[in-house]
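The values are calculated or read from the model by the stated rules, or taken from the named source; none is laboratory data. Note that the structure is a prediction, hence the values are computed from the model and not measured. So basically every Cβ, Gly included, is an ideal-geometry build from the backbone, and we count neighbours across all protein chains shown.
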Amino acid sequence: MAFLSDSLARVKPSPTVAMTGKAAELKAAGRDIISLSAGEPDFDTPQNIKDAGARAITEGRTKYTTVDGIAELKQAICDKFARENGLTYTPAQISVSSGGKQVLFNAFMATLNPGDEVIIPTPYWVSYPDMVLIGGGTPVFVQGNPEMGYKITPEALEAAITPNTKWFLFNSPSNPSGAGYTRAELKALTDVLMRHPHVWVMTDDMYEHLVFDGFEFCTPAEVEPALYDRTLTVNGVSKAYAMTGWRIGYAGGPVELIAAMRKMQSQSTSNPCTISQWAAVEALNGAQDYIAQSREAFHRRRDLVVAGLNACEGITCPTPEGAFYVYPSIAACIGKTSATGTKITDDEAFCTALLEETGVATVFGAAFGLSPNFRISYATSDEVLAEACNRIKAFCAGLK
Ligand SMILES: Cc1ncc(COP(=O)(O)O)c(C=O)c1O
């Protein structure tokens with residue numbers, strides 16, 4: 001009898017762990033490492049939000065709460081959905097968990113049965129396929145179109161739908177490509193979904209506020225209100241308010257689905273951290289200045305990185321609409337040899353050689369299901385980004 005479970009066996013070891021481990025090893029050995037692999041804002045949590053957390057502690061709000069969130073937070077989330085997304089939810093339609101990650105996990109665990117398919121556009125956030133696999137479902141990948149900044153076409157979505165499709169997982173702006181769907185592009189996808197009433201929509205709107213050049217964020221249930229009854233709208237405070245460590249994510253959706261997710265959470269983690277919930281109330285109800293400030297900084301950095309990468313021989317970098325990632329293609333570098341003799345056979349070899357030879361840590365495209373590319377997170381200072389681009393440029397110039 002095997003000791004470890006079959007569901008664990010379905011999960012791949014994280015491809016990003018090897019790169020992170022390698023970077024840490026080189027750093028410990030005294031190398032000057034620039035890490036562009038972390039998926040979190042480099043800014044501190046705004047002071048008003050930290051104060052709300054501290055107040056929760058001093059006022060003794062430190063006990064268990066209802067499993068899927070305190071009433072005050074659920075109401076703040078309802079108000080946020082109404083204010084920013086034109087979506088009407090009641091508190092019974094809201095679920096709060098320990099990060100957006102747990103929200104997605106609960107939803108899959110509560111709904112997937114063997115044979116159920118989940119459509120995932122590539123490149124995808126690394127956790128999506130594994131969550132589906134743990135839940136016993138089957139990920140079905142739809143490849144993003146490089147000419148469209150790695151967005152998928154309605155035709156490709158249509159072709160992927162089968163009688164077994166349970167969910168279409170949508171993420172805009174995307175981690176890792178930064179691609180954001182315009183209202184017209186999203187409407188073309190929701191039109192496809194309208195022809196397939198058995199398919200539910202899970203939309204991961206974590207990067208909603210990080211959009212540039214006047215890009216207008218939109219979400220499926222708002223673009224096509226007829227999808228409201230089969231859409232789970234997932235969001236969180238991690239990226240919007242630099243609160244990654246506080247672990248608060250949330251969703252709005254049909255009451256029965258929310259109740260099923262609550263049941264799942266009640267037998268795993270119970271309520272998300274009480275102190276963090278009170279901080280999240282302040283994040284959503286309090287001053288919103290941080291959002292515009294961080295958007296401005298990320299916009300400037302995006303322009304810096306896109307220009308820097310497109311100046312590198314063999315790299316083509318689309319200009320993404322949002323998030324804090326770029327996902328350049330290195331197709332023209334494949335088959336070449338680096339200055340110190342490493343053959344660039346694929347994007348993993350490119351990122352490994354780049355790290356070893358220049359000290360710049362990135363994540364290779366195969367980790368996100370679309371190659372040959374790599375992901376840079378530009379959530380770091382302008383000076384560090386400029387230095388990283390210089391190093392990447394010198395590395396590319398050395399490829400023969
Ligand atoms: C697309 C996407 N969804 C969800 C998450 C999870 O966010 P949280 O920190 O709230 O669990 C991340 C975090 O990197 C992400 O990039």
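Worth a mention:
- Every residue from segment 122-142 that is in contact with a Ser or Thr (Cβ under 8 Å, 6 or more places away or on another chain), within 12 Å of the ligand (Cβ to nearest atom) and outside any loop (DSSP other than H, G, I, E, B): none
- If the condition is being among the aliphatic types (A, V, I, L, M), part of a helix (DSSP H, G or I) and touching an Asp or Glu at 6+ places or on another chain (Cβ under 9 Å), then segment 296-341 contributes Ala297, Leu304, Ala332.
- Selection within segment 141-169 - of a type in the set (Ser, Thr, Tyr) and over 25 Å from Leu112 (Cβ atoms): Tyr150, Thr153
- Applying the set (1) within 15 Å of the ligand (Cβ to nearest atom); (2) modelled with pLDDT of 95 or more; (3) out of contact with any helix residue (DSSP H, G or I) (no Cβ under 6 Å at 6 or more places or on another chain) to Gln47 leaves exactly one unmet item: (1).
- Residue selected from segment 103-121 under the condition β-branched (Val, Ile, Thr) and part of a helix (DSSP H, G or I), by the criterion farthest from the ligand (Cβ to nearest atom): Thr111
- Between Val201, Val126, Val192, Val96, the distinction of being of a type in the set (Val, Ile, Thr), touching a residue at least 24 places away in the same chain (Cβ under 8 Å) and buried (at least 24 other Cβ atoms within 10 Å of the Cβ) belongs to Val96 only.
- Count of segment 342-381 residues which are under 18 Å from Gly398 (Cα atoms) and assigned to a helix (DSSP H, G or I): 12
- Any hit, segment 84-102, residues being out of contact with any His (no Cβ under 9 Å at 6 or more places or on another chain), in a helix (DSSP H, G or I), within 16 Å of the ligand (Cβ to nearest atom) and among the small types (Gly, Ala, Ser): yes
- Sole exception among (1) assigned to a loop (DSSP other than H, G, I, E, B); (2) of a type in the set (S, T, N, Q); (3) out of contact with any helix residue (DSSP H, G or I) (no Cβ under 7 Å at 6 or more places or on another chain) for Gln293, by number: (1)
- Comparison of Ala92, Ala160, Ala188, Ala110 shows that the only residue that is within 29 Å of Asp213 (Cβ to Cβ), among the small types (Gly, Ala, Ser) and out of contact with any Cys (no Cβ under 9 Å at 6 or more places or on another chain) is Ala188.
- Enumeration of residues in segment 205-230 that are in contact with a helix residue (DSSP H, G or I) (Cβ under 7 Å, 6 or more places away or on another chain) and within 16 Å of the ligand (Cβ to nearest atom): Met206, His209, Leu210, Thr219, Pro220
- Test: residue in segment 326-342 that is under 21 Å from the mean Cα position of the chain (by Cα), among the hydrophobic types (A, V, I, L, M, F, W, C) and at negative phi: yes
- Each residue in segment 145-173 was checked for being under 23 Å from His299 (Cα atoms), touching a strand residue (DSSP E or B) at 6+ places or on another chain (Cβ under 6 Å) and assigned to a loop (DSSP other than H, G, I, E, B), and 1 of them qualify.
- The listed residue being assigned to a strand (DSSP E or B), among the small types (Gly, Ala, Ser) and surrounded by 22 or more Cβ atoms within 10 Å (Cβ to Cβ), out of Ala251, Ala221: Ala251
- Number of residues in segment 9-65 that are assigned to a helix (DSSP H, G or I) and either aromatic (Phe, Trp, Tyr) or without any contact (Cβ under 8 Å) to a residue 24 or more places away in the chain (or both): the value is 11.
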